[in-house]
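Structure record follows, encoded as structure tokens.
Read-outs throughout are calculated quantities, based only on the coordinates presented, and are distinct from any laboratory measurement. This structure is a prediction, so every number in the text was calculated from the model and none was measured. Don't worry about glycine lacking a Cβ; one is built from the backbone with ideal geometry, like all the others, and counts go over all protein chains shown.
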Amino acid sequence: MNFREARLLAFKELSSIGVPNPSLEADFILEWATGKGRGYIHGYPEHMLSAAEKTKFKEVLERRVKREPLQYITGESEFWGLTFKVGPGCLVPRPETEILVEAALEIFEEGIFLDWGTGSGCIAAAILSEKATCKAVAVDCSPKALFYAWWNFKNLGVLERVLLWHSNGTWDLPEAYERVDLIVSNPPYIPTTEIQNLMPEVRLYEPIEALDGGTDGLKYYNLLCSVANRLLSHGGHLVMEIGSTLQWRQLSKLYGGQFNLVGVRKDLSGLDRVLVFQRK
């Protein structure tokens, strides 16, 4: 089997199950299986795969045809120009979450911030990579997610500035971390009834607890409001990702007593994606 034949096989199989961008994914699978760059693969279509490369290619393609996320297959995901280790039990970082990081960086210079529901640690690590003197508290209720976060913080050289905390709230934090200047969060916000409509890659493989936001999608925003009321300094900011315009209107009412809504960021599709609140 040469590169041309392998690309055609992958393209046909991925197209048949409705995978977006099957041509690009076929290239990526070949790159992963052979260690050759995309330019080489296209430039030498007659190049024959070795027996080991052919086996790896077919194994990866078989897993992808079952709709396993490509990031789980490779064990890596890119975010903010950084490489993160991901796998089962850990939500794959999304490009739109970079909007949250951008918003946080514009208002936060130094001090301690809290990443509530840290997952892979991508948000906290991105902020730490840009702010050399700040420190983070990375909280998650999932031991599996915290493993990936720990590995990523260590690999990216920021672990010494992070307190990893296993909790479904923050009520038991050490005294030194009981007041923060910024809270960032990408909580589960998908209404339970909508989970069944998600792409198979998400619905079948990614952790349901990182997706399901309860009946109205607001379950964890209510808890986050309590966390922010307790920990956020006056004048500090709360930056959160949301799932719909309806949610931000509901959240502006929920948070209105103690917080001012000072910013709404849209994603590339023009949808409201990130809210910025300031503690009164």
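Compared with the dominant Cα axis of the chain, that is its longest principal axis, helix 51-65 is turned about 50°.
The largest-to-smallest principal axis extents of the Cα set in the stretch 1-97 are 40, 27, 23 Å. Going from the residue with the fewest nearby Cβ atoms within 10 Å to the one with the most, Thr192, Thr97, Thr118 rank Thr192, Thr97, Thr118. Working from label points 7 Å from Cα in the Cα-to-Cβ sense, the Ala52 to Val262 distance is 5.6 nm. Built from the Cα atoms of the stretch 98-153, the convex hull projects on average onto 3.5 nm², one quarter of its surface area.
The P(r) of the stretch 178-259 has a tail past 15 Å containing 58 percent of all C-alpha pairs.
A simple count of charges around Met48, restricted to other residues whose Cβ falls under 11 Å of its Cβ and scoring Lys, Arg +1 and Asp, Glu -1, yields -1. Converting phi to 3J(HN,Hα) with the Karplus coefficients 6.51, -1.76 and 1.60 and the offset θ = phi - 60°, the stretch 122-137 yields 5, 5, 4, 5, 5, 5, 4, 5, 9, 10, 5, 9, 7, 10, 10, 10 Hz in sequence order, with x at every glycine or proline.
Residues whose amide H falls under 5 Å from that of Ile183, counting only those 5 or more places apart or on a different chain, are Leu114, His237, Leu238, Val239, with hydrogens built in the peptide plane. Between the C-alpha center of the stretch 96-143 and that of the stretch 166-197 there is a gap of 12 Å. Looking at the chain alone, DSSP beta bridges between its own residues are antiparallel in about 45 percent of cases. Annotation note: GluC sites (Glu not before Pro) in the stretch 108-149 located in DSSP loop regions with a Cβ neighbour count of at most 15 within 10 Å are Glu109, Glu110.
This model, with +1 at the C-beta of Lys and Arg and -1 at the C-beta of Asp and Glu, gives the chain a dipole about its Cα centre of some 260 debye. Using only the alpha-carbon atoms, how far is helix 3-16 inclined from the longest principal axis of the chain? Give it as 0 to 90 degrees, nearest 10. The helix 3-16 is inclined about 50 degrees to the chain.
Between 0 and 90 degrees, the angle of helix 245-254 with respect to the longest Cα principal axis of the chain falls at about 20 degrees. For the stretch 76-279, the C-alpha radius of gyration sits at 0.94 times the compact-globule guess of 2.2 N^0.38 Å, with N the residue count. Can you list which of the GluC sites (Glu not before Pro) found in the stretch 15-87 are DSSP loop residues with at most 15 other C-beta atoms within 10 Å? Those that pass, being in a loop and sparsely packed, are Glu46. Among the listed pairs Lys54/Lys85; Lys154/Lys266; Lys54/Lys144, a Cα-Cα separation exceeding 27 Å is found for Lys154/Lys266; Lys54/Lys144. Counting Lys and Arg as +1 and Asp and Glu as -1 over every other residue whose Cβ lies under 11 Å from the Cβ of Lys266, the net charge comes to -1.
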